[in-house]
Amino acid sequence: MENNRPKVGIALGTGAARGLAHIGVLKVLQNEGIPIDFLSGTSMGALVGGCFAAGLPLEELERLALEIDAKKVRSYFSPSFTRHGIAHGNTVEDILRDIIGDIDFKDLKIPLSVMCTDLITGKEVILSEGSVIKALRASISLPVIFTPVKHNGYLLVDGGLVDPLPVSAVAKMGADKIIAIDVTRNIEKSIMMAKPPRYDKVRSLFSWWKGDRKEKSEWTPGMFQVMLQTIKVMEAKLTELQLAEEKVDVLLKPALDHILFLDFKKSGELIRHGEEVTRLALPEIRKKISTTSSK
């Protein structure tokens, strides 16, 4: 019976800090005995999927996520001092090497595809051979933030620019049933552009100092926030198009609209949201992967 069951593929989408919800999803699937035959991931989805595929216990991955604080996040962005990006990404590579070792794709416990974007041609590049560390580093390389990765003649950056939810990639790997986890934000409900919490106090103090207590000038986002929001809008719209065109058997979308791009300090909450949305979907998941279900 086991040999007749459909092959199950998991597509882990992009989402920066919100991608930590993937840990909760994988925890429930594993604990409930849901088979995982293939994994595909973009950006943070690739990072989580890569660690899991390498055999890192989810309990350990969760522990590492819960230990992330603002100081650690800042340490990941080691300055590059070049015109190609703010951070060179070597620190991220070193951390991953300490966690899973300098592993090759062929040695992974679960087959994995990692989504990247070739900055020269704008085309999708799927990495599934060679160094896993190099592939993960490339997939998370958000333009301007991290320097691009030169690899096999490509200049690679974040895969979310072309494939934020890698459904087609896991289908190409041979998955009969696909569970996709979308952690992009609902742009209409997004609070990415909301003013910083301390803005009102600072504005009030500045207005009082100027003697203009009736000033009600509106806050406008800075260049960094505009850049990030632009990318997130693009990723959300691309995801909508993908889901309209690609076959997905079960779509999981945790309620994460209130979580900001770098809210890694909310890792516990993010993981719980991933667990909750997966538990609710378990009846549908079991029905879809049943050997008696129609393809």
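Working out 0.36 nm times the residue gap between Glu245 and Leu66, then minus their Cα-Cα distance, what length gain in nm do you get to one decimal?
Values: separation 179, 0.36 × 179 = 64.44 nm, distance 3.59 nm.
Contour length minus Cα-Cα distance gives 60.9 nm.
Of the GluC sites (Glu not before Pro) in the stretch 1-67, the ones in a loop by DSSP (not H, G, I, E or B) with at most 12 other beta carbons within 10 Å are Glu32, Glu67.
List the pairs from Lys123/Lys150; Lys106/Lys232; Lys27/Lys150; Lys106/Lys253 whose alpha-carbon separation is above 22 Å, in the order I gave them. Please list the in-between numbers first.
Details: Lys123/Lys150 15 Å; Lys106/Lys232 33 Å; Lys27/Lys150 34 Å; Lys106/Lys253 31 Å.
Distance filter (> 22 Å) returns Lys106/Lys232; Lys27/Lys150; Lys106/Lys253.
Between Val226 and Asp98, the FRET efficiency estimated from the beta carbon spacing at R0 = 25 angstrom works out to 0.10.
Taken together, the values in this text are just the output of simple stated rules run on the coordinates, not laboratory data. This one's a predicted model, so the numbers in the text were calculated from it and none came from an experiment. Glycine also receives a Cβ, built like all others from the backbone with ideal geometry; neighbour counts cover every protein chain displayed.
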